[in-house]
Each structure stands twice: as C-alpha cells, then as structure tokens.
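Asks: I have a structure I would like to understand better, so I am pasting it below and will then ask my questions one at a time.
The values are calculated or read from the model by the stated rules, or taken from the named source; none is laboratory data. Only a predicted model underlies this, so the values are computations on that prediction, with no experimental measurement involved. Cβ atoms come from the backbone with ideal geometry, glycine included; neighbour counts cover every protein chain shown.
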Amino acid sequence: MTLLTAPQVTVFVTGAGSGFGAAIARRFAAAGARIVIAGRRGDKLAEVAADLGPHVLPLVLDVRDREAVRSAMAGLPDDFSRIDLLVNNAGLAMGLEPAHQADLDDWMTMLDTNCKGLLHCTRAVLPGMVARGRGHVINIGSIAGTYPYPGGNVYGATKAFVHQFSLNLRSDLHGTGVRVTCIEPGMGGGTEFSTVRFRNDQERADRLYAGMRPLAADDIAESVYWTASQPAHVNINTIELMPVAQSFAPFQVHRS
Ligand code: NDP
Ligand code: 8X3
C-alpha cells in the first residue's frame, strides 16, 4: 500500500506559508490528505490554509525552538496527530558574502533553521512512525549541498548536512518501514528565497531570475508528491533537479 492510498493520510509541512512549502501543501490537499502547515507567520499560513479545504491545520511554529516543536507535535489534535509524511522544507539562505565578510549571526541562523530545526521536527515524529511501522520523512536539501559556489559557504554546508543526515536516517530506520528522501533542487523562482537571502532587496532578487526560467514551486511539489506516491517497498533516496537553464561552470583559476 502506498502512503497516499492509505486512508486518512496526514502530512506535516514546515515552511508552508510561502514558496515550495505552500505548493507542497496544495499538492497533497488536492490528493485529499490532511495537512498541518507550519511556519512563523500566521498571516501567511492563513492565506495558504484558505485554499486547502477543510482538512488543514495552520500551526504557528518556529522550528528553531526545540521545546516549541516538541510540545506542538505532542499537542496535535487527534485528527492530525498520526503523521504519515513529514516534509522538512523550512529553511533559508542569508547573504552571499564570502566567508571572511559574512555575518556570523546569519551563519548561526542558517544552522539553527536548516539543521537544528529539521532535527527538532524529525526527532519528534520518528517514534510514532516507527511504532506504526510506516511513515516517510522528506527533507528539502539543495544542489548547494553538493556543488560549491562563491558565497554559498554555510548555506551549502547546511544542505550537505541535510543530505548526509537523510542517508544516515535510512540506516537507522532499516527494517522499520519508515522511508527517507532528500530532494535537492537548483534555482527555484516565485518564492521568498532570494528576497530573504538579499535582505529584502527585491530588485537584486528579481535580477537573479531575469531572462531564465527557474524551477517553479509546483515542480518541487510534484517531485515530493511523486516520491511519496511510490509503492511502500520503494525508497527514493535522493532526487536532484535543476532548471534546464542552469548547469555547471569551470573551476576558477587564480593567476598572479
Ligand atoms: P521561501 O522563503 O519562500 O520559504 C521558506 C519558508 O520557511 C518560509 O515560508 C518561512 O516562513 C519558513 N521558515 C523560515 N524560517 C523558519 C523557522 N525558523 N521556523 C519555521 N518556518 C520557517 O523559500 P523556498 O520555498 O524557496 O524554500 C523552501 C526550502 O527550499 C528551503 O529549505 C530552501 O533552502 C530550499 N531550496 C530553495 C531553493 C530555491 O532556489 N528557492 C532551491 C533549493 C532548495 P516564515 O518566515 O513565516 O517562518
Ligand atoms: C537554493 C539553490 O543555487 O541558490 O538552494 O543555492 S541555490
């Protein structure tokens, strides 16, 4: 039985008030799932929830807050408490400065959100999944976790953490029936990602996508949905996807 043909499937999506997370929530709601949508801004969650039908629970939550995550997960109403799929999507990049000029606070925020926040949510859902003998954790990584680029320093390192933690989780969950996937997109447009990275400099954010077609949030949502829809004996370990307009550049050579 695939996850999505099971009755009353419950999906928990972090960072669902915008971008990929909102699209993922919409995709699963369209398939009839119950959805918990989590994020820090209640107004954004309310906007998303308005389109998702009756089986949605908006949850104002900062994934960096370990105790808040624990108590929010433990206090979910009965209808939403047995999470079949956790999508760890909340995350951010802050700045594109080289390491010797970067803001140390930005680095800590990325670590706290992209790594620790993901750990808080994952650790909270796993015991229930293991006890039920089924479940799926889908982590949103990035090509930045595999391919270095100038200014990617800590952001890329956090996504390398997400990649390796996902693989290591698979080892720990061997024999439990719980699946783990890391989905690693390249440039995605139509989200708040670059606006956040460039500290609300919207012109700079828009320039990044000028004249090219990035991945859309719906492309990521479709890959998450496809991954979760595989038969229960199939585990998709990793998916890396990029826009056709993005590829690789040569190594840099400094000449004196
Ligand atoms: P968005 O900025 O639109 O979405 C990120 C979401 O995470 C926001 O809704 C934000 O909401 C939420 N969030 C941030 N911090 C926290 C927190 N501490 N607790 C709870 N929620 C939080 O960007 P994307 O949709 O593009 O990004 C989604 C994921 O995809 C991220 O992990 C990103 O690293 C990854 N990614 C993005 C790519 C891209 O090019 N866009 C490519 C590859 C990966 P709020 O502020 O209300 O909390
Ligand atoms: C976001 C993709 O290329 O901006 O993770 O790092 S990239």
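Asks: When region 61-103 is examined, which residues are found to be more than 16 Å from ligand 1 (Cβ to nearest atom), touching a strand residue (DSSP E or B) at 6+ places or on another chain (Cβ under 9 Å) and either among the polar types (S, T, N, Q) or at positive phi (or both)?
Replies: Result: Ser81, single match.
Asks: Checking the conditions here, which among Thr176, Thr191 is within 24 Å of Ala33 (Cα to Cα), within 16 Å of ligand 2 (Cβ to nearest atom) and part of a loop (DSSP other than H, G, I, E, B)?
Replies: Details: Thr176 fails: within 16 Å of ligand 2 (Cβ to nearest atom).
Step by step, each of Thr176, Thr191 is checked, and only Thr191 is within 24 Å of Ala33 (Cα to Cα), within 16 Å of ligand 2 (Cβ to nearest atom) and part of a loop (DSSP other than H, G, I, E, B).
Asks: Confirm whether Asp43 is among the acidic types (Asp, Glu) and in contact with a helix residue (DSSP H, G or I) (Cβ under 8 Å, 6 or more places away or on another chain). Let's see the steps before the verdict.
Replies: Working: among the acidic types (Asp, Glu): yes; in contact with a helix residue (DSSP H, G or I) (Cβ under 8 Å, 6 or more places away or on another chain): no.
For Asp43, the condition - among the acidic types (Asp, Glu) and in contact with a helix residue (DSSP H, G or I) (Cβ under 8 Å, 6 or more places away or on another chain) - is not met.
Asks: Of everything in region 115-163, what is under 13 Å from Leu173 (Cβ atoms), β-branched (Val, Ile, Thr) and assigned to a helix (DSSP H, G or I)? Give them in sequence order.
Replies: Within region 115-163, Thr122, Val125, Val130 qualify.
Asks: For residues that are under 26 Å from Glu97 (Cα atoms) and in contact with a His (Cβ under 9 Å, 6 or more places away or on another chain), tally how many sit in region 143-182.
Replies: So the answer is 2.
Asks: Now, a different point. So which of Asp62, Asp78 ends up being among the acidic types (Asp, Glu) and under 15 Å from the mean Cα position of the chain (by Cα)? Steps first, please.
Replies: Values: Asp78 fails: under 15 Å from the mean Cα position of the chain (by Cα).
That would be Asp62, the only listed residue that is among the acidic types (Asp, Glu) and under 15 Å from the mean Cα position of the chain (by Cα).
Asks: Could you please tell me which pairs satisfy a Cβ distance under 7 Å, a separation of 6+ or placement on different chains, a first residue in region 108-125 that is farther than 18 Å from Cys182 by Cβ, and a second residue that is in a helix (DSSP H, G or I) and small (Gly, Ala, Ser)?
Replies: Taking only residues 6 or more apart or on different chains, not a single pair turns up.
Asks: Mind checking which residues of region 161-191 are among the aliphatic types (A, V, I, L, M) and either crowded, with 17+ Cβ neighbours inside 10 Å or modelled with pLDDT under 95 (or both)?
Replies: Here is the first cut: in region 161-191, the residues among the aliphatic types (A, V, I, L, M) are 162, 167, 169, 173, 178, 180, 183, 187.
Those that are among the aliphatic types (A, V, I, L, M) and either crowded, with 17+ Cβ neighbours inside 10 Å or modelled with pLDDT under 95 (or both): Val162, Leu169, Leu173, Val178, Val180, Ile183, Met187.
Asks: Within region 179-188, how many residues are within 11 Å of ligand 2 (Cβ to nearest atom) and either in a helix (DSSP H, G or I) or among the basic types (Lys, Arg) (or both)?
Replies: Residues in region 179-188 being within 11 Å of ligand 2 (Cβ to nearest atom) and either in a helix (DSSP H, G or I) or among the basic types (Lys, Arg) (or both): 0 in total.
Asks: Now for a separate question. Filter region 104-130 down to the residues that are among the hydroxyl-bearing types (Ser, Thr, Tyr) and either on the phi > 0 side of the Ramachandran plot or more than 13 Å from the chain's Cα centre (by Cα) (or both) and list them by number. Talk me through it step by step, then tell me what you get.
Replies: Taking region 104-130 and keeping what is among the hydroxyl-bearing types (Ser, Thr, Tyr), we get 109, 113, 122.
The answer is Thr109, and nothing else.
Asks: Just need a number here: residues in region 194-205 that are more than 14 Å from ligand 2 (Cβ to nearest atom) and in contact (Cβ under 8 Å) with a residue 12 or more places away in the chain. It would help to see each step written out before you state the result.
Replies: Initial filter on region 194-205 (more than 14 Å from ligand 2 (Cβ to nearest atom)): 199-203.
Restricting the remaining residues to those that are in contact (Cβ under 8 Å) with a residue 12 or more places away in the chain gives 199.
Of the residues in region 194-205, 1 are more than 14 Å from ligand 2 (Cβ to nearest atom) and in contact (Cβ under 8 Å) with a residue 12 or more places away in the chain.
Asks: If you don't mind, there's one more thing I want to ask. Kindly provide the set of residues from region 119-144 that are over 23 Å from Val234 (Cβ atoms) and either buried (at least 18 other Cβ atoms within 10 Å of the Cβ) or within 16 Å of ligand 1 (Cβ to nearest atom) (or both), ordered by number. Don't jump to the end; show me each part of the working.
Replies: Of region 119-144, the ones over 23 Å from Val234 (Cβ atoms) are 119-121, 123-124, 127, 142-144.
Answer for region 119-144, where residues must be over 23 Å from Val234 (Cβ atoms) and either buried (at least 18 other Cβ atoms within 10 Å of the Cβ) or within 16 Å of ligand 1 (Cβ to nearest atom) (or both): Leu119, His120, Cys121, Arg123, Ala124, Ser142, Ile143, Ala144.
Asks: Could you pull out every one of the strands (runs of 3 or more DSSP E) wholly within region 19-101 that has 3 or more residues that are in contact (Cβ under 8 Å) with a residue 60 or more places away in the chain and crowded, with 24+ Cβ neighbours inside 10 Å?
Replies: Details: elements: 34-39, 56-60, 85-88.
Answer list for region 19-101: 85-88.
Asks: Please list, ordered by first then second residue, the pairs with beta carbon atoms under 6 Å, 6 or more apart or interchain, first in region 141-156 and within 17 Å of Ala90 (Cβ to Cβ), second away from ligand 1 (no atom under 12 Å from the Cβ).
Replies: Every condition considered, the pairs that remain are Gly145/Ala160; Val154/Trp107.
Yes or no, residue by residue, for (1) crowded, with 17+ Cβ neighbours inside 10 Å; (2) touching an Asp or Glu at 6+ places or on another chain (Cβ under 7 Å); (3) in contact (Cβ under 8 Å) with a residue 12 or more places away in the chain:
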site: Ala221; (1), (2), (3): yes, no, yes
site: Trp226; (1), (2), (3): no, no, no
site: Ser229; (1), (2), (3): no, no, yes
site: Pro243; (1), (2), (3): yes, no, yes
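Asks: Collect the residues in region 208-244 that are more than 14 Å from ligand 1 (Cβ to nearest atom), out of contact with any helix residue (DSSP H, G or I) (no Cβ under 9 Å at 6 or more places or on another chain) and part of a helix (DSSP H, G or I), keeping them in residue-number order.
Replies: Those that are more than 14 Å from ligand 1 (Cβ to nearest atom), out of contact with any helix residue (DSSP H, G or I) (no Cβ under 9 Å at 6 or more places or on another chain) and part of a helix (DSSP H, G or I): Trp226, Thr227.
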